[in-house]
Amino acid sequence: MKVLIVDDDYLVTRSLRIILSAEGGLHVVGTARDGAEAVGFCEKHRPDAVLMDIRMPGMDGIEATRLIKQRRAETLVMMLTTFKDEALLRQALKAGAAGYVLKSAPASEIAGHLRALASGCAVVNADLLRRITEPEGIPLQGLTRRETEVTELVAQGCSNREIGERLFISEGTARNVLSGVLSKLDLRDRTQLAVFYWTRSV
């Protein structure tokens with residue numbers, strides 16, 4: 001996986017470049033100091049994934065993410081930030097980010113999150129999830145209670161196996177319920193479903 005690191009702090013980009021380059025399957029192809037530079041790099045070099053800081057001088061990470069996804073939808077963007085902020089999370093997901101993790105996370109964890117994005121999973125920092133709106137147990141519009149439970153767990157980054165374990169159903173049943181939800185909501189995959197959940201009106 002070719003990765004671009006975007007952060008206005010040189011020490012952050014340098015440290016991440018060294019650490020992630022040592023991880024199998026990841027190749028850091030460049031760094032950028034602001035959103036505009038990141039957009040230009042993506043147009044020219046087409047990385048598979050971007051680790052994107054949110055707050056930067058000039059063009060911020062959210063606007064850069066929006067432009068990158070508009071111009072090349074297959075580029076995966078994971079926000080890397082110090083901010084545990086629900087509003088920023090929702091803005092980032094609406095812009096097209098598929099992940100939102102904190103800079104305080106160990107580098108090995110960040111590497112694992114990048115691999116999870118590549119496999120089609122949305123990634124949101126677990127501590128942040130605990131700080132923002134908790135699932136209310138009320139079915140989402142158009143979904144059954146079971147479908148809502150599966151949707152909430154997908155939004156938290158759970159696999160089908162983990163959903164089955166949490167809800168005491170088989171992995172196959174979890175997969176079938178998820179397929180029904182995607183069909184009802186006319187969504188393509190679990191990443192789109194997670195974005196739908198966290199950006200819906202509440």
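A short reminder: the numbers here are calculations on the coordinates, not readings from a lab. Being a predicted model, the structure only gives us computed values, none of them experimental. Positions of Cβ are backbone-derived with ideal geometry, glycine not excepted, and every protein chain shown enters the neighbour counts.
Observations, loosely collected:
- Principal axis extents of the Cα atoms in region 133-199, from largest to smallest and rounded to whole angstrom, are 27, 25, 20.
- Extension gain from Ser183 to His27, taking 0.36 nm per residue of separation minus the Cα-Cα distance: 52.6 nm
- Pairs from Lys44/Lys94; Lys2/Lys184; Lys2/Lys84; Lys84/Lys184 whose Cα-Cα separation, in the structure shown, is over 30 Å: Lys2/Lys184; Lys84/Lys184
- Region 1-74 - Rg over Rh from alpha carbon coordinates, Kirkwood radius: 0.95
- Ordering of 84-96, 42-54 by packing is 42-54, 84-96, highest average first (other Cβ atoms within 10 Å, averaged per residue).
- Loop-resident chymotrypsin sites (Phe, Trp or Tyr not before Pro) (DSSP state other than H, G, I, E or B) in region 154-201 with no more than 15 further Cβ atoms inside 10 Å of their Cβ: Phe168.
- Summary of packing: across the peptides 62-74, 26-38, 177-189, the per-residue average of other C-beta atoms within 10 Å ranks them, highest first, as 26-38, 62-74, 177-189.
- Relative contact order computed over the chain (Cα-Cα under 8 Å; 6+ residues apart), in percent: 15
- Principal axis dimensions, the chain - Cα atoms, whole angstrom, descending: 47, 33, 29
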